[in-house]
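**Q** Below are the structure tokens for one structure; questions will follow.
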Amino acid sequence: MYNKIALFAENIGAEVIKDAPMKKYTSFKCGGNASVLIIPDSLENLNKITAFCYSNSVKPFIVGNGSNLLVTDNGINGVVIKIGSQMSEIRLLDDTTIYCEAGASLKSLCMFALEKCLSGLEFAYGIPGTLGGAVYMNAGAYGGEMKDVLYSVNHIDDNGNTGTLSMDELDLGYRHSAYTNNGFTITSAVLKLQKADKKDIKEAMDDKLGRRKDKQPLEYPSAGSTFKRPEGYFAGALIEDCGLKGYTVGGAQVSEKHAGFVINKGGATSTDVINLIKDVQRIVYDKHKVILETEVKIIGEE
Ligand SMILES: Cc1cc2nc3c(=O)[nH]c(=O)nc-3n(C[C@H](O)[C@H](O)[C@H](O)COP(=O)(O)OP(=O)(O)OC[C@H]3O[C@@H](n4cnc5c(N)ncnc54)[C@H](O)[C@@H]3O)c2cc1C
């Protein structure tokens, strides 16, 4: 079946990679292969390929920039569709409203907003994902989140039909959206921003980026904050309090710079990362009776 889908995608112009090494497509830089990775060349063809998958009873796994993913070492037995720069149009709908395709990077979206003197997205500058991934996760930082700027989101549902969710239907919460539950494919979104002084926007963006560079181990592969913020606590502080900074399993390590980040120190397998995550969860629970849930999505065969 995967071969039939691969052939269909190839015939309409998509890039198709069989036995695709997912370490190349995720920021953690580890993990196994996917049976088939498809990179559509347009939204129109994304629609066709997604519909073809569903009509063959195959649910594709959607990947953006892979910056919140850990693929297991056994890989993904299935079809992965990557939504990237081929679907990254950004344009103004009116003075303060932006249309953005799912594959656009948050960086290019923030730069576009800056260019148009639009404020609201400064918090997202430096988050290394796509618009699609940011909507799915309701990505946020420094007191801002996608919820503050989204107006509506367009998608392809699990019948292969297109549709739209309005703000009321998006169910945006902490690292959660309606898409976390329904699994639809996000194709684009409309965002509402406010006019502001370009210099102020730029200053806020530079400030956020500077804080990231100071505090985060950006020199190593990771998926950002490994754990969600438990209510009333900070994951990093709990982990540090357990003396786990620098704790290592194989090539995976609790960052010495920021205990909330598990990093690939070099040559880590996904099993190293998963075992380290389990150790951290156990040790933090034993000491603080707090359950650390992963923010990073672990996918693939166990
Ligand atoms: C150094 C670093 C710093 C980070 N800092 C932050 C931060 O400050 N705040 C924050 O919130 N996150 C942060 N992250 C995590 C990550 O960048 C965000 O979660 C980002 O929004 C993920 O986008 P992505 O395109 O990489 O999604 P992916 O990692 O590719 O996918 C994440 C999830 O979204 C789904 N998805 C992706 N695209 C689509 C689509 N088009 N349609 C449907 N589902 C889709 C995937 O199926 C998956 O379940 C950081 C990561 C790194 C490596």
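**Q** Looking only at strands (runs of 3 or more DSSP E) that fall completely inside the stretch 1-89, which ones have 3 or more residues that are among the aliphatic types (A, V, I, L, M)?
**A** It comes to 15-21, 33-39, 69-71, 76-82.
**Q** Taking the condition of being in contact with an Asp or Glu (Cβ under 8 Å, 6 or more places away or on another chain) and more than 11 Å from the ligand (Cβ to nearest atom), how many residues in the stretch 179-197 meet it?
**A** The total comes to 2.
**Q** Filter the stretch 148-169 down to residues that are of a type in the set (A, V, I, L, M, F, W, C) and not in a strand (DSSP E or B) and give me whichever is surrounded by the most Cβ atoms within 10 Å (Cβ to Cβ).
**A** Among those that are of a type in the set (A, V, I, L, M, F, W, C) and not in a strand (DSSP E or B), it is VAL149.
**Q** Just one of SER225, SER177, SER188 is of a type in the set (S, T, N, Q), under 26 Å from ALA104 (Cβ atoms) and outside the structural domain of TYR151 (by TED's automatic domain parsing); which is it?
**A** Just a single option satisfies the conditions, and that option is SER225.
**Q** Scan the stretch 127-147 for residues that are surrounded by fewer than 16 Cβ atoms within 10 Å (Cβ to Cβ) and more than 9 Å from the ligand (Cβ to nearest atom) and report the count.
**A** Qualifying residue count for the region: 1.
**Q** Here are some conditions: (1) touching a residue at least 60 places away in the same chain (Cβ under 8 Å); (2) among the polar types (S, T, N, Q); (3) away from the ligand (no atom under 11 Å from the Cβ). SER108 meets all but one. Which one does it not meet?
**A** If we test SER108 against (1) touching a residue at least 60 places away in the same chain (Cβ under 8 Å); (2) among the polar types (S, T, N, Q); (3) away from the ligand (no atom under 11 Å from the Cβ), just (1) comes out false.
**Q** Before we move on, is ARG229 more than 30 Å from LYS289 (Cα to Cα) and surrounded by 13 or more Cβ atoms within 10 Å (Cβ to Cβ)? Steps first, answer last, please.
**A** Values: more than 30 Å from LYS289 (Cα to Cα): no; surrounded by 13 or more Cβ atoms within 10 Å (Cβ to Cβ): yes.
When the stated conditions are applied, ARG229 does not pass them.
**Q** Identify, from the list ARG229, ARG211, the residue that is in contact with a helix residue (DSSP H, G or I) (Cβ under 7 Å, 6 or more places away or on another chain) and within 14 Å of the ligand (Cβ to nearest atom).
**A** ARG229
**Q** Output the residue which, of all residues in the stretch 232-259 that are aliphatic (A, V, I, L, M) and either surrounded by 15 or more Cβ atoms within 10 Å (Cβ to Cβ) or on the phi > 0 side of the Ramachandran plot (or both), is nearest to the ligand (Cβ to nearest atom). First the steps, then the outcome.
**A** Quick first cut of the stretch 232-259, residues aliphatic (A, V, I, L, M) only: 235, 237-239, 244, 249, 252, 254, 259.
Those still in the list that are either surrounded by 15 or more Cβ atoms within 10 Å (Cβ to Cβ) or on the phi > 0 side of the Ramachandran plot (or both) too: 235, 238-239, 244, 249, 252, 254, 259.
Numbers: ALA235: 13, LEU238: 18, ILE239: 17, LEU244: 19, VAL249: 19, ALA252: 14, VAL254: 15, ALA259: 15 Å.
Step by step, filter the stretch 232-259, then rank; the result is ALA235.
The values are calculated or read from the model by the stated rules, or taken from the named source; none is laboratory data. Everything numeric here is computed off the predicted structure, so don't read it as measured data. No Cβ is skipped: glycine too gets one built from the backbone with ideal geometry, and neighbour counts run over all protein chains shown.
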